[in-house]
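Visitor: Please see the structure below; I have some questions.
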Amino acid sequence: MKITLLFWVAVFGPVAIALAIFEIWLDVKHKVGPWGKTVFKNPYWEKKALQKWAIPFLKYISRYHVVMFLVVMPVLFAAGIVFWSKVLKYNVLPNGSSWLMNLLSFATLFVAIWLGNSGFEDMFYFIIQSLTGWYQPHALRRVVIDKDFAWFKDWLPPIFGLNIPGHWVFCPSVAVLLLCIRQYWIMR
């Protein structure tokens with residue numbers, strides 16, 4: 001399971017960090033409004049794509065998120081899976097299995113990587129700003145202490161006085177659960 005977790009982080013980690021940096025750059029160059037309440041200068045990208053859905057987290061997805069998370073990210077993750085499986089000599093597919101088990105193995109791994117990115121990328125967005133002072137030097141404090149970020153609507157109840165956006169816990173938790181299911185039931 002350790003190598004599976006390492007593989008998972010190796011695939012989504014660099015992409016999540018790069019995306020966080022890209023989104024900070026977008027905020028600086030292509031968005032308007034105060035920090036935490038910015039909108040794209042081009043309103044096309046702000047339109048909600050899944051607004052009719054009542055599913056937490058998904059109902060706030062904009063056209064930008066659809067392009068980024070349903071087009072760009074899958075390509076990067078698929079390339080990452082191929083690259084890191086060779087570098088780490090990691091078996092993505094179970095040995096001697098049917099095409100259905102191979103598909104299930106890849107799909108489970110892919111969704112776990114996608115969810116890991118979805119949770120950690122936002123966290124990196126705040127950590128990078130706080131560590132570098134780029135754009136908002138107190139970004140992480142403003143979110144977890146002050147709850148000052150308009151984009152986040154679904155919060156966990158305060159934990160030790162910290163406000164944690166729900167997707168920071170939900171996405172990685174479901175991802176690890178999928179990795180466990182894959183490891184102990186699909187790869188066997």
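The values are calculated or read from the model by the stated rules, or taken from the named source; none is laboratory data. Bear in mind that the values here come from a model prediction, so they are computed numbers and not experimental data. So basically every Cβ, Gly included, is an ideal-geometry build from the backbone, and we count neighbours across all protein chains shown. Accessible surface is based on the protein model in full, side chains and every heavy atom, while ligands, DNA and RNA are left aside. Shrake-Rupley method; radii C 1.70, N 1.55, O 1.52, S 1.80 Å.
Visitor: Going by what's in this entry, would Trp25 be described as assigned to a helix (DSSP H, G or I) and touching a helix residue (DSSP H, G or I) at 6+ places or on another chain (Cβ under 7 Å)?
Guide: Working: assigned to a helix (DSSP H, G or I): yes; touching a helix residue (DSSP H, G or I) at 6+ places or on another chain (Cβ under 7 Å): no.
Considered against the rule, which asks whether it is assigned to a helix (DSSP H, G or I) and touching a helix residue (DSSP H, G or I) at 6+ places or on another chain (Cβ under 7 Å), Trp25 comes out as no.
Visitor: Tell me whether region 108-126 contains one or more residues that are over 12 Å from the mean Cα position of the chain (by Cα) and more than 20 Å from Ile3 (Cα to Cα).
Guide: Checked region 108-126: at least one residue is over 12 Å from the mean Cα position of the chain (by Cα) and more than 20 Å from Ile3 (Cα to Cα).
Visitor: I'd like the full set of residues that are free of Cβ contacts under 8 Å to residues at least 40 places away in the same chain and either assigned to a loop (DSSP other than H, G, I, E, B) or under 30 Å from Leu93 (Cβ atoms) (or both), limited to region 156-172.
Guide: Listed by number, the residues that qualify are Leu156, Pro157, Pro158, Phe160, Gly161, Asn163, Ile164.
Visitor: So how many residues does region 25-42 have that are buried (at least 16 other Cβ atoms within 10 Å of the Cβ), in contact (Cβ under 8 Å) with a residue 12 or more places away in the chain and touching a Lys or Arg at 6+ places or on another chain (Cβ under 9 Å)?
Guide: Of the residues in that region, 3 qualify.
Visitor: Which number in (1) closer than 30 Å to Arg188 by Cα; (2) in contact with a helix residue (DSSP H, G or I) (Cβ under 7 Å, 6 or more places away or on another chain); (3) modelled with pLDDT under 95 marks the one condition that Lys2 misses?
Guide: (2) is the only condition that Lys2 fails.
Visitor: Name every residue in region 159-180 that is more than 16 Å from the chain's Cα centre (by Cα), under 14 Å from Val143 (Cα atoms) and among the hydrophobic types (A, V, I, L, M, F, W, C), in order of residue number.
Guide: First, the residues of region 159-180 that are more than 16 Å from the chain's Cα centre (by Cα): 159-163, 180.
From what's left, under 14 Å from Val143 (Cα atoms): 159, 161-163.
If the condition is that a residue be more than 16 Å from the chain's Cα centre (by Cα), under 14 Å from Val143 (Cα atoms) and among the hydrophobic types (A, V, I, L, M, F, W, C), then Ile159, Leu162 are the ones that fit.
Visitor: Having 1 or more residues that are farther than 20 Å from Phe22 by Cβ is the bar; report the helices (runs of 4 or more DSSP H) wholly within region 62-155 that clear it. Reasoning before the result, please.
Guide: Working: elements: 63-67, 73-87, 99-132, 139-144.
Of the helices (runs of 4 or more DSSP H) lying wholly inside region 62-155, those with at least 1 residues that are farther than 20 Å from Phe22 by Cβ span 73-87, 99-132, 139-144.
Visitor: Now for a different question. Of all residues in region 43-73 being loosely packed, with under 12 Cβ neighbours inside 10 Å and of a type outside the set (A, V, I, L, M), which is modelled with the lowest pLDDT?
Guide: Just the residues of region 43-73 that are loosely packed, with under 12 Cβ neighbours inside 10 Å, to begin with: 43-44, 52, 54-55, 71.
If we keep only those that are of a type outside the set (A, V, I, L, M) too, we end up with 43-44, 52.
On the way: Pro43: 92, Tyr44: 94, Lys52: 66.
Restricting to residues being loosely packed, with under 12 Cβ neighbours inside 10 Å and of a type outside the set (A, V, I, L, M), the top hit is Lys52.
Visitor: Here is a further query. Quick one: Cys180 ticks every box in (1) under 26 Å from Leu5 (Cα atoms); (2) touching a helix residue (DSSP H, G or I) at 6+ places or on another chain (Cβ under 8 Å) except a single one, so which number is it?
Guide: Here Cys180 clears every test but (2).
Visitor: Take the residues of region 100-149 that are under 30 Å from Gln183 (Cα atoms) and without any contact (Cβ under 8 Å) to a residue 40 or more places away in the chain: which is surrounded by the fewest Cβ atoms within 10 Å (Cβ to Cβ)?
Guide: Taking the candidates together, the pick is Leu100.
Visitor: Just one of the numbered conditions (1) at pLDDT below 95; (2) of a type outside the set (Asp, Glu); (3) loosely packed, with under 15 Cβ neighbours inside 10 Å is not true of Phe152; which one?
Guide: (3)
Visitor: Only one of Ala10, Ala20 is at pLDDT 95 or above, in a helix (DSSP H, G or I), in contact with a Leu (Cβ under 8 Å, 6 or more places away or on another chain) and open to solvent by less than 70 Å² (accessible area, probe 1.4 Å); which?
Guide: Among Ala10, Ala20, only Ala10 is at pLDDT 95 or above, in a helix (DSSP H, G or I), in contact with a Leu (Cβ under 8 Å, 6 or more places away or on another chain) and open to solvent by less than 70 Å² (accessible area, probe 1.4 Å).
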